[in-house]
1. For residue 33 and residue 168, compute 0.36 nm times the residue count separating them, minus their Cα-Cα distance, and round to one decimal in nm.
2. Which entries in 57/79; 57/148; 37/57; 28/135 show an alpha-carbon gap greater than 31 Å?
3. Please list 39-45, 26-32 highest first by mean number of surrounding beta-carbon atoms within 10 Å per residue.
4. Taking 0.36 nm per residue of separation and subtracting the Cα-Cα distance, what length does fully extending residue 8 through residue 79 add?
5. Please compute the modelled spin-label separation between residue 57 and residue 43, points set 7 Å along Cα→Cβ, answer in nm with one decimal.
6. So if the hydrodynamic radius of segment 8-74 is defined as the Kirkwood radius over C-alpha pairs, what does Stokes-Einstein give as its diffusion coefficient at 20 °C and 1.002 mPa s, in µm² per second?
7. Order the peptides 12-19, 52-59, 113-120, 148-155 from the highest to the lowest mean number of other Cβ atoms within 10 Å of their residues.
8. Using 1/(1 + (r/R0)^6) with R0 = 25 angstrom and r between the beta carbons of residue 22 and residue 95, what's the FRET efficiency to the nearest 0.05?
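Read-outs throughout are calculated quantities, based only on the coordinates presented, and are distinct from any laboratory measurement. From a predicted model like this one, the values you see are computed outputs, not experimental measurements. Don't worry about glycine lacking a Cβ; one is built from the backbone with ideal geometry, like all the others, and counts go over all protein chains shown.
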Amino acid sequence: MAEVLITLGIIGIVAAMTLPGVIEGYQKAETINRLKKAYSVMAQAIELSEVHNESVKYWNFNQSNADFFNQYLKPHFAKINETTYGKISDKVQYTRPNGSVENTFTLFYSNALVVSTVDGMTFYITGGSTAMTRKAFDIVLDLNGYKKPNRFGRDLFMFSISQEYGLVPYGYKGTCDMGNAYDTFDREYLKSA
């Protein structure tokens, strides 16, 4: 009987040591798959729109968030659950990778078009040349809507639809008002930001 208890104890200890790693690996894989899906949905909408509206280079980036979305993207989204308008910061609070609360990011405090899909993703679309010095609309993507963890790099990612580059990750050359500042950021800097 004692040997069985010792064996069960050892199994319990090994399980306790390996289970967090298994769960973390699963969560990372799930995040990667959801991010790929979201990027694919947006990229396909843009490609289909280019078939009907010519190249993104010729799109009208002087429109409001809603007008831009309605003209170029909405007809090519298969499943939209809800579309609203407002400030991201009024709906949910996000944290940076270092754990600090995000309270200075301009995109969160401007009026964004909020597009929710039936599978739980939320896109915040904001920008245009009326708000930026460049021809682009920024897309803040929350993979699971307003559910936690609400953290950059975990369930919150950013893209830009640029007149020059099309759909690219936020910070790609020429896609932010900071010029090419994001080009010099490395992984360690972004984790501490």
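1. This chain segment gains 46.8 nm when fully extended.
2. Exceeds cut-off: 57/148; 28/135.
3. 39-45, 26-32
4. Full extension of this stretch gives 20.7 nm more.
5. Distance between label points: 2.1 nm.
6. The estimated diffusion coefficient comes to 139 µm²/s.
7. Per-residue Cβ counts within 10 Å, averaged per peptide and sorted highest first, yield 113-120, 148-155, 52-59, 12-19.
8. The computed FRET efficiency comes out at 0.50.
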